[in-house]
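Structure first, then comments.
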Amino acid sequence: MKKTVRIKHANDEYVGPRIYDKTPQEMFRPRVASNCEVNRTHVFRVKRRTVAIVVVPGVMASRLSNLDNEPVWDPDNLKFMARSYFWCAPEKRYDLLIKKGRKVMARGDQEKYKNYPKAEERGWAGLAWDYFAKLLGGLQDWNTPLKVFLDLPVYAFGYDWVDSCEVSGTLLKQFILEKVKADNVSVYGFL
């Protein structure tokens, strides 16, 4: 049955708009507009959801420093890697990697991240940029129709690959719970 249209005159009382908050799934259901009153403004607001993408690199792809913030493993710096690991005695490698402790690098070259202002905040500095730049940047800049309904922030979890898997898994869980701000989280690992 059709609803009758009532003509609105200039001196008629103002009728405020009716506002609907809908999820993307509800917007695709049939007859969204069938319950709307005639001659009234209806505003449909889509509730955006956030689905975080967490990239976990393979073994030896995380950038590590010692507890004094001196690099001990940096795949982006080939001269450093060759000088520190390929042309030195095993004792020196042990001193460099094991003796002084390790942590994931939290700071990187600002020039590399200039197009991504939240890169360091989201852990991108902990990964080898030469290997993961296209993947991280491509996911962040991904031009998909899904972004109309979803925010898709990209996080990176660099980890100390010398430690046990149990410790790294616990730190990944802690990273997701404390730093990742999202409704859902998708974790992708690379070997």
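What follows is calculated from the coordinates using simple rules that are stated; it is not laboratory data. In this text, all values refer to a predicted model and were calculated from it rather than measured experimentally. No Cβ is skipped: glycine too gets one built from the backbone with ideal geometry, and neighbour counts run over all protein chains shown.
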| field | Two-site FRET efficiency, E91 against E111, from Cβ-Cβ distance with R₀ of 30 Å, rounded to 0.05 | value | 0.25
| M27 paired with E121, simple spin-label distance in nm, labels 7 Å along Cα-to-beta-carbon | 2.5 nm
| request: Estimate the FRET efficiency between M81 and S164 by the formula 1/(1 + (r/R0)^6), using the beta-carbon distance for r and 25 Å for R0, to the nearest 0.05. | output: 0.55
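Stretch N184-E70 to full length: gain in nm at 0.36 nm per residue minus the Cα-Cα span?
37.5 nm
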| Once the piece of chain linking M60 and K173 is laid out straight, how much longer is it, given 0.36 nm per residue of separation minus the C-alpha distance between them? | 38.7 nm
| request: Calculate the spin-label point distance for I98 paired with L150, positioning each point 7 Å from the Cα along the beta-carbon direction, and give it in nanometres. | output: 4.4 nm
| query | Against the longest principal axis of the chain, how steep is helix 165-178, in degrees 0 to 90 to the nearest 10, with axes from Cα atoms? | reply | 40 degrees
| query | What angle, in degrees between 0 and 90 and rounded to the nearest 10, separates the Cα long axis of helix 129-140 from the longest principal axis of the Cα atoms of the chain? | reply | 10 degrees
| said: Which one, E120, E13, E166, has the greatest fluctuation when you compute a Gaussian network model over the chain with C-alpha springs under 10 angstrom? | reply: E13
| remark: Of all DSSP beta bridges with both partners in the chain, the antiparallel percent, nearest 5, is 25 percent
